[in-house]
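First the structure, in the form of structure tokens, and then the observations on it.
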Amino acid sequence: MKRILVSADPFEARAALLDGDRLINVEFESASAEKLKGTVYRGRVTAIEPSLGAAFVDYGAAKDGFLPLDEVCERSLCELSGRKGAHPALRQGDHVLVQVSREPFGKKGATLTMHISLPGRFVVLTPFSDRTGISRRLQDAERARLKEVVSQLRVPENCGIIVRTVGESEPVTELQADLDMLARTWEEIRRKFRAASGVQEIHSEACLAVRFVRDYMTRDVKEVLVEDEPSYRELLRYMEQHMPQSRDVVRRYEGELPLFARYGVERQIETLWDERVPLPSGGSIVFGQTEALVAIDVNSGRLKQKDEESTAFKTNMEAAREIARQVVLRDLGGIMVVDFIDMEDPANRRAVEEELKKALAMDKARLTFGKIGDFGLLAFSRQRLRQSAESSAMVECPTCSGTGRVRSPALLAMSALRKVRELLARQRPGQRVAFVEVKAPVEVANFLNNRKRAALAECEERFDVMIDVVGDPQAAMTGVRVSALPEVPPDR
């Protein structure tokens, strides 16, 4: 059974999709790092650089956005920016309607587009477009049915639509209701743009809980469990408006164990920071991030079949499935090169290629695949949908300042807090914990004592326990030690 889990606190919101107890997808959103992708702005063109094939647009951030010239929409310039002619050119000083297509990354500002897309539950509305599309992930028979259904829809003038994968088997009435809601949103965006006098935000995406349910709620998801009250209320409002028939699957989680610990998600999330990932038969895959690409090495480990070819084939097939899962979970983007174990049989090579494609068939990102060459290497590219797990959670190692990366103090602190909550929630009768010591690097301890003092105090009151956070100047930024005692030490 598939289920969606949602949990949010003042520091971070998290949502996960599980198939049984296996983590399929997870997204994080930090309260201190505003999500920009999908947000629509009234921006002002500050510079045009023909040599870069791009313009720079002030949209209210500290760094101007990067607008490729092939993302300029002539229809938008005519209707909203007041330009004349069949093929108006972008000019410095123009006020334009732009949408963030890629989050700021490192020293790079956000990437923008003038081709606006507004995602709904079943369809995506694309203003200033004549295109009508249907998800490539649907079977041919369903695509043919949806083409007939789409021809019956009342599409807003000067707009196109794309039917999403979750629109499969939906009747025309459901698609039309979703489209009407998006049409109202688009009219509001146009109204705000015309009423504005300068640079400003016009429209923002929904919160993580709503976005995740909107994008991953399919017919085989039987349960949506929400740990915090604000997310629960927001989701109920969304379900009542857009999916009233599925409202009852959304339930407030009130168990003693934290939600993500109860379903084994915390343990699986922890592995996202590991370079080495084990395979079921004893092999492993190793991830290496460089500036240019992601290198993925496949090792057979202890697995031994009747011959080397069989060993390589079995390991590579397991690796293809796990690589697909990890790439989605970590949201790795750009060029990836997989060093599979050498196989002599061309049929085995093709089978491994197909297994990787099959495992990534439901990925929402754009993918381009190569083939396994004579050296066992396969290259493929993937569009990054959000900031990767590593880039958002890792920092340069403070010990050596080298190429190694470690988890950020904030992430380690939140991991420690979750461990404390889980430890206390798992207490058994007769084994009461009276004292918990958290020994951590100084930066992590400072974060807990200063930024998370209220959360620690809430744990102390709820479980009638004393929690002591100790900073250790000698501790490496690789982990936190949490220990529990049945009595409070005399020196505390």
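Lys and Arg at +1, Asp and Glu at -1: add these up for the other residues within a Cβ distance under 15 Å of ALA440 and post the number. Don't skip to the end; give the middle numbers.
Numbers: positive: ARG407, ARG418, LYS419, LYS439, ARG451, LYS452, ARG453, ARG481; negative: GLU437, GLU443, ASP468, ASP472.
It works out to a net charge of +4.
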Hey, which lysines would be in cross-link range of LYS35, C-alpha to C-alpha under 26 Å, not counting anything within fewer than 8 residues on its own chain?
-> LYS63, LYS107, LYS108, LYS192, LYS364, LYS452
Once you have a ≥ b ≥ c as the square roots of the Cα gyration tensor eigenvalues for the range 73-161, tell me rounded if a/c is under 1.5, and otherwise prolate or oblate according to whether a/b is larger than b/c.
-> oblate
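Please give the contour-minus-distance gain from LEU485 to ARG426: 0.36 nm per residue of separation, less the Cα-Cα distance, rounded to one decimal in nm. Display every interim value, and only then the final one.
Working: separation 59, 0.36 × 59 = 21.24 nm, distance 1.40 nm.
Result for the pair: 19.8 nm of gain on full extension.
Can you check what the net charge comes to around ALA475, using other residues whose Cβ is under 11 Å from the Cβ of ALA475 (Lys, Arg +1; Asp, Glu -1)?
Details: positive: LYS439, ARG481; negative: GLU443, ASP472.
Cβ neighbours under 11 Å give a net charge of 0.
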Net charge of Cβ neighbours under 12 Å - reference LEU80; Lys, Arg +1; Asp, Glu -1 = +4
Using the Cα gyration tensor of the range 143-250, with a ≥ b ≥ c the square roots of its eigenvalues, what is the shape: rounded (a/c below 1.5), prolate (a/b larger than b/c) or oblate (neither)?
-> oblate
Karplus ³J(HN,Hα) for the range 245-258 (6.51 cos²θ - 1.76 cosθ + 1.60, θ = phi - 60°; Hz, whole; x = Gly/Pro) runs 5, 10, 4, 5, 6, 8, 9, 7, 8, 10, x, 5, 5, x
The range 88-161-the range 212-260 distance, computed between alpha-carbon centres (Å) = 27
Dimensionless Rg/Rh of the range 107-146, both radii on Cα and Rh by Kirkwood, sits at 1.12
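In debye to the nearest 20, how big a dipole does the range 274-382 give about its Cα centre with +1 on each Lys and Arg Cβ and -1 on each Asp and Glu Cβ? The partial results should precede the final answer.
On the way: 16 positive and 19 negative charges, 95 e Å.
For the range 274-382, the charge dipole is close to 460 debye.
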Counting only DSSP beta bridges fully inside the chain, the antiparallel percentage to nearest 5 is 75
Return the calculated 222 nm mean residue ellipticity for the chain, to the nearest 500 deg cm²/dmol, obtained by summing -39500 (n - 2.57) across DSSP H runs with n ≥ 4 and dividing by the residue count.
-> -9500 deg cm²/dmol
Candidates for Cα Rg over 2.2 N^0.38 Å are [x] 0.97; [y] 1.09; [z] 1.16, and the calculated one carries label [y]
Using modelled backbone amide H atoms (1.01 Å from N, in-plane), which distant-in-sequence or interchain residues come within less than 5 Å of LEU279's amide H?
-> SER284, ILE285
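Read the figures in this text as sums done on the coordinates, not as results from a lab. What you are looking at is a predicted structure, and each value in this text was computed from that prediction instead of being measured. Glycine also receives a Cβ, built like all others from the backbone with ideal geometry; neighbour counts cover every protein chain displayed.
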